[in-house]
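*Asks:* Quick one: structure below, then a few questions.
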Amino acid sequence: MMLRSRWLAGLLLPIVVLPLTASTAEAGVLDTLSPGSLTLAPGTTGSLAAGGFRVTVSRPGGQARLAVTSGGRTVWAGVPGRAFAAAGLGRLSWRDRTGMFTPSELIAWTLADQSIDRVGRSGGDVVVGGTLTGGPLKAPYQWRVSAAGQGRLAMHLEVGTVTGSGVHRRPDVVALASERGSGERFHGFGEQFTSFDLAGRRIPVIVREQGIGRGRQPLTAMVDLVSGQGGSWDTTYAPIPFYATSSNRGFALTGGRYSVLDLSRPGLAVAQTWGPRQGAELYAGASPAEVLAAHTASTGRMGALPAWTRDGAVLGLQGGTARVRRIVDEMSASGTKIAAVWLQDWSGQRTTSFGDRLWWTWQLDKNRYPGWDDLVKDLHERGIKVLTYVNPFLVDPPGGSGAAPRNLLAEARDRGYLVARADGSPYMLDQGGFSAALVDFTNPHARLWYARAIATEVAGAGVDGWMADFGEGLPFDAKLYSGDPAELHNRWPMEWAKVNRRACELADRPDCVYFMRSAYTGSAGQAPLFWAGDQLVDWDAQDGLASALRGMLSGGVSGMTLTHSDIGGYTGVDTPLGNYHRSAELLQRWAELAAFGVFFRTHEGNQPAKNAQVYDTEQSRAAFARASRIYAALADYRATVEREAATRGLPALRHTWLVHPGSPAAAADDQFFFGSALLVAPVLKPGASTVPVHLPAGRWINVFTGRAYGDRDRAVQLIVPAPLGTPAAFVRQSDPQGTEIRAALRRAELATPP
């Protein structure tokens, strides 16, 4: 989040003719292994059962096929006549432009034809072995499946040495291929901002910058020209190699190496990993909720947030003590429910050729915030928590009277605690106008040292939590204390989350809240809260308000069950072909969406003076105050939703598919359920005073107006009123939870009495 404006000044350039096709994030060769033929040796047909699952090798219609079933349900199967495993020799290389990692994949030789030569048991596992071939090359393989827990199976593919034509080495890339049904929908993949159903897409799984524009033209092309950070539809801070399908089954890769989930070919799902082996888990259930429960039981669940987070807004402010006090007073006087202030510039601000930035020293700037202790004390006495900001990078502190008393960069450098280059020197990473070093989390001494530094310098400033930014920046050519960057790059956000968790423990802050944007498999078990990255201050479906909603929905399916977004977005851009500045209408609509969530936090954005702010005018303060009261009125219901995240692995924001999977309304991507009782259809277009809503069968009551909609016997699609200040939100008639929600809003004087 802090601060992507480092390159924005470069956009103030003459108008040039730019290609409006693929962005640089999609540049380079992109290869996926394609399965070849499958043959069976004599005596290998039949089935073996073990641990509640069954592996069957058969010849339906004369074509060889392997299938895995559990409880009578097919959870994974190969395409008849086609190989389910493949391997290749090739090259994977990376380009890194300030955290935007772009792969170049070249598969020169493919071993795509497969024979099954033996099927047997090994303990409680079923093991299939044989040979992969391609032209003169061949390699042995072993595929193993075992029970892994309730509703879970584990698979493992190991490919041995490739030989032939003078070749004698392990494969560079392997893949498992399965069939997918006609019309089967695929959801998850971490935070994906383009579409909730990614059937037909090729999804790379690499933690990297989200990008600016993400395919919206001409903005993306202009950003790419200047910085290479335009991104594309598939760039995300939080990719997770997991999907759940409309057939109530799920699939997740294990391990951290770069992988691709390729659904671009009809009837086929390919999971490809750059390495000689691949692990995966399979999930099955009677409903989407059961599939998610099995997945999150394996990878970790998020717990409920501290009670104070449910009570009101977290105001993102900056500018020093006097300004923070003044705005808090103004917003309180307007009737805003304030739970906390988030002061990202607590450690100071520097000016570069690209604009205002923070000092990454992680110590209080006493010149900017004089009387800090009194400020924190006074806010706490008013029931207002204080949050700040930290990331895993270190810089030398500024000189002069405002200099930080500790030089954390020097400490880490002297102790050998930094990610290094091949020659052992600290890997100084360009941040646009300055360089910064990354703490090496593979070194247990460095991890503990940095956790102590955060506990002492950040939590020690009397705060109640912080934004734990970044996490996606580990270079692939780095030298680490231990381990391979190719295996650890995607895992780095989880390691960063563990450091923050340890810092909270060391500071004796059990209710400390840190929120993260980068994530991977396992992050949900370490982080209390996520946010959806850095959207444009715009309505855009590729990188604006609508994209934030889709990212939160897909992330929720992937285990990121408690997440939120910057109210109003973050990234403002000035270009010769148009400017992106936040409007008051966008800010209000974003707040109306966020009121039905788990963390109600504003951000001034990277261009505060050009963006509408919640504190600007009497009208904006009144509008935000109403949204904050909606949020606070739902506190008891929110606690129930968070408990479901902790106990069942269900996201707070749920796509209609999760709540009503068999309903035609489940096809709607631009609405959501908050929990299972409250259906919200946010306004995602400027100037609109109505919004489309897909209602599942039943009678539904608008929680603000009391008006009834829908049909008891069938799902319906309607256009409903949604003027500014009155979001379109519904509960099912006679639902006890819905009745209590309406009563809570009436007590807060926000809803019309029945």
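*Asks:* Which residue out of Leu18, Leu66, Leu33 is in a loop (DSSP other than H, G, I, E, B), modelled with pLDDT of 50 or more and on the phi < 0 side of the Ramachandran plot?
*Replies:* Numbers: Leu18 fails: modelled with pLDDT of 50 or more; Leu66 fails: in a loop (DSSP other than H, G, I, E, B).
Just a single option satisfies the conditions, and that option is Leu33.
*Asks:* In addition: Tell me which strands (runs of 3 or more DSSP E) are completely within region 122-180 and hold 1 or more residues being at positive phi and of a type in the set (A, V, I, L, M), or say none if there are none.
*Replies:* Hits in region 122-180: none.
*Asks:* Among the residues of region 486-500, which ones are buried (at least 20 other Cβ atoms within 10 Å of the Cβ) and closer than 18 Å to Ser104 by Cα?
*Replies:* Residues satisfying the conditions are His489, Asn490.
*Asks:* Which ones in region 52-76 are of a type in the set (Lys, Arg) and either crowded, with 20+ Cβ neighbours inside 10 Å or in contact (Cβ under 8 Å) with a residue 60 or more places away in the chain (or both)?
*Replies:* Arg65, Arg73
*Asks:* Now for a separate question. In region 544-560, what residues are in contact with a Ser or Thr (Cβ under 8 Å, 6 or more places away or on another chain), farther than 14 Å from Ala594 by Cβ and buried (at least 24 other Cβ atoms within 10 Å of the Cβ)?
*Replies:* Ser547, Gly555, Gly556, Gly559, Met560
*Asks:* Mind checking which residues of region 606-626 are in a helix (DSSP H, G or I) and either under 20 Å from Leu343 (Cα atoms) or in contact (Cβ under 8 Å) with a residue 40 or more places away in the chain (or both)?
*Replies:* Hits for region 606-626 are Pro608, Ala609, Lys610, Glu618, Arg621, Ala622, Ala623, Phe624, Ala625, Arg626.
*Asks:* Does at least one position in region 463-484 carry a residue that is in a helix (DSSP H, G or I) and surrounded by fewer than 23 Cβ atoms within 10 Å (Cβ to Cβ)?
*Replies:* The answer is no; no qualifying residue exists.
*Asks:* Restricting the search to region 433-455, which residues are free of Cβ contacts under 8 Å to residues at least 40 places away in the same chain and part of a helix (DSSP H, G or I)? Steps first, please.
*Replies:* First, pick out the residues of region 433-455 that are free of Cβ contacts under 8 Å to residues at least 40 places away in the same chain: 443-446, 449.
Answer for region 433-455, where residues must be free of Cβ contacts under 8 Å to residues at least 40 places away in the same chain and part of a helix (DSSP H, G or I): Pro444, His445, Ala446, Trp449.
*Asks:* Quick test of your reading of the structure: Val376 fulfils all but one of (1) buried (at least 21 other Cβ atoms within 10 Å of the Cβ); (2) aliphatic (A, V, I, L, M); (3) assigned to a helix (DSSP H, G or I). Name the failing condition by number.
*Replies:* Single failed check for Val376: (1).
*Asks:* Can you tell me which residue among Leu429, Leu474, Leu480, Leu418 is within 20 Å of the chain's Cα centre (by Cα) and more than 30 Å from Leu375 (Cβ to Cβ)?
*Replies:* Criteria check complete, one pass: Leu474.
*Asks:* Output the residues belonging to region 161-170 that are in contact with a strand residue (DSSP E or B) (Cβ under 8 Å, 6 or more places away or on another chain), surrounded by fewer than 17 Cβ atoms within 10 Å (Cβ to Cβ) and not polar (S, T, N, Q). Give the steps one after another, and end with the answer.
*Replies:* Start the filter on region 161-170 by keeping residues that are in contact with a strand residue (DSSP E or B) (Cβ under 8 Å, 6 or more places away or on another chain), which leaves 161-165, 167-170.
Among the residues that remain, those that are also surrounded by fewer than 17 Cβ atoms within 10 Å (Cβ to Cβ) are: 161, 163-165, 167-170.
Gly164, Val167, His168, Arg169, Arg170, listed by residue number.
*Asks:* Identify, by number, the condition in (1) aromatic (Phe, Trp, Tyr); (2) farther than 26 Å from Phe196 by Cβ; (3) surrounded by fewer than 24 Cβ atoms within 10 Å (Cβ to Cβ) that Trp539 doesn't meet.
*Replies:* If we test Trp539 against (1) aromatic (Phe, Trp, Tyr); (2) farther than 26 Å from Phe196 by Cβ; (3) surrounded by fewer than 24 Cβ atoms within 10 Å (Cβ to Cβ), just (2) comes out false.
*Asks:* From (1) buried (at least 17 other Cβ atoms within 10 Å of the Cβ); (2) in a strand (DSSP E or B), pick out the condition that doesn't hold for Ser104.
*Replies:* Looking at each condition in turn, Ser104 falls short on (1).
*Asks:* I've got another one for you. Any residue in region 707-723 that is within 15 Å of Gly687 (Cα to Cα) sitting within a Cβ distance under 6 Å of a residue that is of a type in the set (Gly, Ala, Ser) and surrounded by 12 or more Cβ atoms within 10 Å (Cβ to Cβ)? List the pairs, counting only those 6 or more apart or interchain.
*Replies:* Hits for this filter: Val720/Ala728; Ala722/Ala728.
*Asks:* Which numbered condition trips up Glu411, out of (1) surrounded by fewer than 20 Cβ atoms within 10 Å (Cβ to Cβ); (2) closer than 25 Å to Arg97 by Cα; (3) not basic (Lys, Arg)?
*Replies:* If we test Glu411 against (1) surrounded by fewer than 20 Cβ atoms within 10 Å (Cβ to Cβ); (2) closer than 25 Å to Arg97 by Cα; (3) not basic (Lys, Arg), just (2) comes out false.
*Asks:* I've got another one for you. Restricting to region 184-194, count the residues that are in a loop (DSSP other than H, G, I, E, B) and modelled with pLDDT of 95 or more. Steps first, answer last, please.
*Replies:* So the first thing to find is which residues in region 184-194 are in a loop (DSSP other than H, G, I, E, B), and the list is 184-185, 191-194.
Those left that are additionally modelled with pLDDT of 95 or more: 184-185, 191-193.
Number satisfying all stated conditions: 5.
*Asks:* Still on this structure: Please enumerate the residues belonging to region 264-281 that are surrounded by 24 or more Cβ atoms within 10 Å (Cβ to Cβ) and in contact with a Gly (Cβ under 8 Å, 6 or more places away or on another chain). Outline the logic, then answer.
*Replies:* Taking region 264-281 as the starting set, the residues that turn out to be surrounded by 24 or more Cβ atoms within 10 Å (Cβ to Cβ) are 271-273, 278.
Result: Thr273, Gln278.
*Asks:* Considering region 140-198 alone, what residues qualify as being of a type in the set (Asp, Glu), touching a Lys or Arg at 6+ places or on another chain (Cβ under 7 Å) and under 30 Å from Met552 (Cβ atoms)?
*Replies:* Answer for region 140-198, where residues must be of a type in the set (Asp, Glu), touching a Lys or Arg at 6+ places or on another chain (Cβ under 7 Å) and under 30 Å from Met552 (Cβ atoms): just Asp197.
*Asks:* Contact list please: Cβ distance under 9 Å, first residue in region 111-135 and farther than 18 Å from Val174 by Cβ and surrounded by 20 or more Cβ atoms within 10 Å (Cβ to Cβ), second residue at pLDDT below 95 and among the hydrophobic types (A, V, I, L, M, F, W, C), pairs at least six apart or on different chains.
*Replies:* Going by the 9 Å Cβ cut-off, the qualifying pairs are Val119/Leu48; Val126/Leu48; Val126/Ala49; Val126/Ala50; Val126/Phe53.
*Asks:* Give region 166-183 a look and list any residue that's of a type in the set (Ser, Thr, Tyr) and modelled with pLDDT of 95 or more, or say none.
*Replies:* Ser178 - this is the single residue of region 166-183 that is of a type in the set (Ser, Thr, Tyr) and modelled with pLDDT of 95 or more.
*Asks:* Taking region 670-682, which residues are buried (at least 20 other Cβ atoms within 10 Å of the Cβ) and in a loop (DSSP other than H, G, I, E, B)?
*Replies:* Gln671, Gly675, Ala677, Pro682 - these are the residues of region 670-682 that are buried (at least 20 other Cβ atoms within 10 Å of the Cβ) and in a loop (DSSP other than H, G, I, E, B).
*Asks:* Let me ask you something else. Of the residues Ile384, Ile327, Ile338, which is free of Cβ contacts under 8 Å to residues at least 60 places away in the same chain and among the β-branched types (Val, Ile, Thr)?
*Replies:* Ile384
*Asks:* Condition (residue is in contact with a Gly (Cβ under 6 Å, 6 or more places away or on another chain), among the aliphatic types (A, V, I, L, M) and surrounded by fewer than 22 Cβ atoms within 10 Å (Cβ to Cβ)) applied to region 720-741: is it met by at least one residue?
*Replies:* yes
*Asks:* Continuing with this model, one more query. Do we have any residue at all in region 641-649 that's closer than 28 Å to Ser583 by Cα and either in a helix (DSSP H, G or I) or free of Cβ contacts under 8 Å to residues at least 24 places away in the same chain (or both)?
*Replies:* Looking through region 641-649, none of the residues is closer than 28 Å to Ser583 by Cα and either in a helix (DSSP H, G or I) or free of Cβ contacts under 8 Å to residues at least 24 places away in the same chain (or both).
*Asks:* Here is a follow-up. Given the options Gly303, Gly267, name the one that is at negative phi and in contact (Cβ under 8 Å) with a residue 12 or more places away in the chain.
*Replies:* The unique qualifying residue is Gly303.
*Asks:* Please verify whether Leu92 is part of a strand (DSSP E or B), more than 30 Å from Gln229 (Cα to Cα) and of a type outside the set (Phe, Trp, Tyr), treating the condition exactly as stated.
*Replies:* Criteria not met by Leu92.
*Asks:* Would you pick out the residues in region 576-605 that are part of a helix (DSSP H, G or I), out of contact with any Pro (no Cβ under 8 Å at 6 or more places or on another chain) and more than 13 Å from Ala681 (Cα to Cα)?
*Replies:* Residues satisfying the conditions are Ala584, Leu587, Gln588, Ala591.
*Asks:* With respect to Leu92, is the statement that it is farther than 23 Å from Leu137 by Cα and either modelled with pLDDT of 95 or more or among the acidic types (Asp, Glu) (or both) true?
*Replies:* No.
The values are calculated or read from the model by the stated rules, or taken from the named source; none is laboratory data. Please read these numbers as outputs of a predicted model, since none were measured by experiment. Cβ atoms come from the backbone with ideal geometry, glycine included; neighbour counts cover every protein chain shown.
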